[in-house]
1. Residue check, E47 against (1) over 28 Å from the mean Cα position of the chain (by Cα); (2) modelled with pLDDT of 75 or more; (3) surrounded by fewer than 10 Cβ atoms within 10 Å (Cβ to Cβ), all met but one. Which one?
2. If I go through the stretch 17-43 residue by residue, how many of them are surrounded by 10 or more Cβ atoms within 10 Å (Cβ to Cβ) and part of a loop (DSSP other than H, G, I, E, B)?
3. Restrict the check to the stretch 64-80 and report whether at least one residue is under 30 Å from I15 (Cα atoms), β-branched (V, I, T) and either modelled with pLDDT of 75 or more or open to solvent by less than 90 Å² (accessible area, probe 1.4 Å) (or both).
4. Within the stretch 1-16, restricting attention to residues that are aliphatic (A, V, I, L, M) and open to solvent by 100 Å² or more (accessible area, probe 1.4 Å), which residue is modelled with the lowest pLDDT?
Amino acid sequence: MFGLSELAIILIVVIAVIGARKLPELARSAGKSARILKAEARAAKDEEAGAGTAPRVVQGEIVPPGTGTTPPGARAADAPDHR
């Protein structure tokens, strides 16, 4: 009977004979798939590297409610709207 290597050779010959017209198309689509996979892997790696940075902290001033102070350029909540 046939061994593993003989069956592999027969399978390759059958695929080449039957699918000779489809082989270039299959090779092109395999190449496109490989490029897409590589680009997605690179994007995921870049995203992972960017996520490791510490969040930016913005210092602010806390004004307790009811003190009557309004930040510069802002209107008080109870001020009438005169537009």
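1. Looking at each condition in turn, E47 falls short on (1).
2. Number satisfying all stated conditions: 2.
3. Restricting attention to the stretch 64-80, the residues satisfying the condition of being under 30 Å from I15 (Cα atoms) are none.
So far as the stretch 64-80 goes, no, none of its residues is under 30 Å from I15 (Cα atoms), β-branched (V, I, T) and either modelled with pLDDT of 75 or more or open to solvent by less than 90 Å² (accessible area, probe 1.4 Å) (or both).
4. Only one residue fits best here, namely M1.
The values are calculated or read from the model by the stated rules, or taken from the named source; none is laboratory data. Just so it is clear, the structure is predicted and the values come from calculations on it, not from any experiment. Ideal geometry is used to build each Cβ from the backbone, glycine not excepted, and the neighbour counts take in all protein chains shown. The protein model used for the area step is the full one, side chains on, heavy atoms only, and it has no ligands, DNA or RNA in it. Shrake-Rupley method; radii C 1.70, N 1.55, O 1.52, S 1.80 Å.
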